[in-house]
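Throughout, read-outs are computed from the coordinates displayed, never taken from laboratory work. Keep in mind that this is a model prediction, so the values were computed, not measured. Here the Cβ positions follow ideal geometry from the backbone for every residue, glycine too, while neighbour counts run over all protein chains shown.
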C-alpha cells in the first residue's frame with residue numbers, strides 16, 4: 001500500500017511539472033510579419049526561446065494562430081489558439097486550458113536571450129499563494145516570461161473579456177510573485193529591424209567571449 005501511494009505521488013508530481021510554451025500568435029508588423037520566422041544570426045527567431053525551454057523542461061509546445069507563419073520545427077507540438085482577438089492573453093489562456101491542472105511557463109517568441117537556467121528558476125520558484133511567478137528587471141515586469149498556475153486561468157479569462165486591456169495591468173492585478181533577472185539582455189525584446197541588428201551584435205559579442213572552464 002505504501003509503495004502504491006508513493007507511485008501515485010510520483011505520477012501526480014510528474015503530471016504537474018510545468019509545460020513550456022512559446023507564444024507565437026502575434027503579427028510582428030514592425031518586423032514585416034511572420035515574427036517567428038524572422039532570421040537572427042541565420043536561425044529563426046522562435047528557435048532561441050524554444051531551445052531554452054526544451055533544455056529546461058520535459059515538455060514544450062508552441063501556441064499560435066491558425067494563420068501564423070511558422071518555420072519548420074520537426075517534432076515540436078503546435079497548439080492553435082482562437083483567431084480572435086489578437087492579444088497575448090489569448091495564447092496564455094488557451095495554453096492554460098490545454099495544460100489543465102499543470103503550470104505553464106510561457107515565453108514570448110521575441111525573447112532570444114532567455115536561458116535554460118532562467119527557465120529552470122521560473123519552473124522551480126515557489127509561487128507561495130500567488131497564481132503566477134513573473135520575471136522582472138530593474139523595476140520593469142515582463143509578463144510574457146513567467147510561470148502561470150491553473151488558478152490564474154479564470155482571472156485571465158475575465159480580464160480578456162474587457163476591451164482594450166493592457167497585458168501588464170492584467171498580470172499586475174494577479175499580484176504575482178516577481179523573479180528578479182540580473183541581466184537585462186535576457187529580457188531583450190526583438191520587435192523592430194533595429195532590434196534584430198542589436199540582438200545580432202549581442203550574439204557576436206557572446207560568441208567572442210572566451211569560455212571559462214569549470
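Taking the centroid of alpha carbons for each part, segment 23-48 and segment 80-149 are 18 Å apart.
When 87, 198 are arranged by Cβ crowding within 10 Å, least crowded first, meaning fewest neighbours, the order is 198, 87.
Taking 141, 162, 92 as the candidate residues, the one with maximal mean-square fluctuation in a Gaussian network model of the chain, Cα springs under 10 Å, is 162. What spacing in nm lies between the two simple spin-label points modelled at residue 128 and residue 16, each 7 Å away from Cα in the Cβ direction? Simple spin-label model gives 1.9 nm for this pair.
On the principal axes of its alpha carbon atoms, the chain extends 58, 52, 38 Å, with the longest extent given first.
Only helical runs count toward this figure. For the chain, summing -39,500 (n - 2.57) over DSSP H runs of n ≥ 4 and dividing by all residues gives -10500 deg cm²/dmol at 222 nm. Considering only 152, 201, 130, the mean-square fluctuation computed in a Gaussian network model of the chain, springs between alpha carbons under 10 angstrom, is largest for 201.
For the pair residue 117 and residue 41, a Förster radius of 22 Å applied to the C-beta separation gives a FRET efficiency near 0.60, rounded to the nearest 0.05.
Where does segment 148-187 land on the Kirkwood hydrodynamic radius, alpha-carbon pairs, in angstrom? About 11.7 Å, per the Kirkwood formula over Cα pairs. Beta bridges from DSSP with both residues in the chain: antiparallel share about 40 percent, rounded to the nearest 5. Sorted ascending by nearby beta carbons within 10 Å, beginning with the fewest, 17, 65, 129 become 129, 17, 65. Within the listed set 121, 100, 138, the Gaussian network model of the chain (springs between alpha-carbon atoms below 10 Å) gives the highest mean-square fluctuation for 138.
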